[in-house]
Amino acid sequence: MSAPAIIRTEGLTRTFGSVRAVDGLDLEIPSGTVFGFLGPNGAGKTTTIRLLLGLLEPTGGRATVLGFDTRADGGSIREQSGALLEHHGLYERLSAEDNLTFYARVWRIGGEARAARIRALLQPLGLWERRGEPVGRWSRGMKQKLAVARALLHKPSLLFLDEPTAGLDPVAAATLRDELGTLVQREGVTVFLTTHNLVEAERLCSRVAVIKQGRLLAVGHPDELKASRATRAEITGRGFNEAMLALLRGRPGVVRAQLQNGRIVLELAESAETAPLVGLIVQSGGLVEEVRKDKGSLEDVFLTLMEEEP
Ligand SMILES: Nc1ncnc2c1ncn2[C@@H]1O[C@H](COP(=O)(O)OP(=O)(O)OP(=O)(O)O)[C@@H](O)[C@H]1O
Ligand SMILES: [Mg+2]
């Protein structure tokens, strides 16, 4: 039996004047998922999060989060979920520990449980040793980690992360990504994450959705999305020419054949075998040195979707 949906939207829509920021969104996110919400700037990702948290009224459709209707019970949703939105919500003059103590009080986590929880969050993020320092002096990456700790403080069952690694250098981003993965697993929290980093989405997420101009273009496991695309084969060698390409294009399963920087680049349907195609090139006088076949990355899928859709 599949896990119950923790987030469900039906035709969820939000317009701002003539802009359809979120346009008829149908989503179902099972409990325990790390869900990646991908899309270009202005696609409607942040607006969707604000709708799901009940911070913004939909202009059409509906959404239930943790079993609560976002229009009627936004308060309950916000109590039972954690969120890291565009502002990290930290007090720069307070130390890391005092920041978390402050928020723990807000959540009515007291005494020993509070101290233990703060330590349990700061340690895996590598911040425990530096807990006494004022946050204002910290780097962006460290503040971002602390903001993650803040969002997880009250053990929410659902965590919203709006571009958690935005503005971090590649090393800091990779570290935070790894630590996030560990924490999320340990806490067993369902995550709704937006990112522009497709490697990040591929590493962290068991399901991703791609949106553009408020509309859902694709949803599935990153591998499923990649599998739905053609396979790429790149053939390196010498003596390749247009006549060969014409022959290749006539073969079943060859979606596209092109010469790129002296290499033959093929797009193949799922069923196509490369060996006979290489044979064909050799028979026509081509010298084949190397054949590389791959599925393409999630980034390829994303870019193709962006090109295909108006
Ligand atoms: N409060 C608002 N008033 C008017 N328009 C808004 C408002 N909030 C969002 N929009 C518009 O809705 C669209 C979606 O914006 P949103 O911030 O949700 O995009 P996003 O996918 O989060 O983009 P980014 O990747 O840049 O963060 C944009 O066209 C934006 O200008
Ligand atoms: Mg945004």
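Here, each number is a calculation from the coordinates, and none is a lab measurement. Computed from a prediction, not measured in an experiment: that's the story for all the values here. Glycine also receives a Cβ, built like all others from the backbone with ideal geometry; neighbour counts cover every protein chain displayed.
Taking only the Cα atoms of the chain, the ratio Rg/Rh comes out at 1.09, with Rh defined as the Kirkwood radius.
Amide hydrogen proximity for residue 215: with H placed 1.01 Å from N in the peptide plane, the residues at 5 or more positions away or on another chain lying under 5 Å are 23.
Can you work out the FRET efficiency for the pair residue 273 and residue 206, with r the C-beta to C-beta distance and R0 = 30 Å, to the nearest 0.05?
FRET efficiency, residue 273 to residue 206: 0.45.
Determine the distance separating the Cα centre of region 177-211 from the Cα centre of region 1-77; give it in Å without decimals. So the separation of the two Cα centres works out to 17 Å. Taking 27 Å as the straight-line reach from the Cα of residue 145, the lysines in range (excluding those fewer than 8 positions away in the same chain) are 45, 155.
Within the set of other residues whose C-beta is less than 15 Å from the C-beta of residue 80, count the net charge using Lys and Arg as +1 and Asp and Glu as -1.
Working: positive: 78, 108, 155; negative: 69, 73, 79, 187.
In short, -1.
Once each part is reduced to its C-alpha centroid, what is the distance from region 84-107 to region 127-157 in angstrom? Each part reduced to its Cα centre gives a spacing of 8 Å. Where only DSSP H runs of four or more residues are counted, the chain gives -10500 deg cm²/dmol as its mean residue ellipticity at 222 nm, each run worth -39500 (n - 2.57).
Which whole-number percentage describes the relative contact order of the chain, with Cα contacts under 8 Å and a sequence gap of 6 or more? Intermediate results must be reported in sequence, preceding the final value.
Values: 556 pairs, mean separation 56.4, N = 310.
Answer for the chain is 18 percent.
The loop-placed trypsin sites (Lys or Arg not before Pro) in region 92-191, going by DSSP, that have at most 10 neighbouring Cβ atoms within 10 Å of their Cβ come out as 93, 108.
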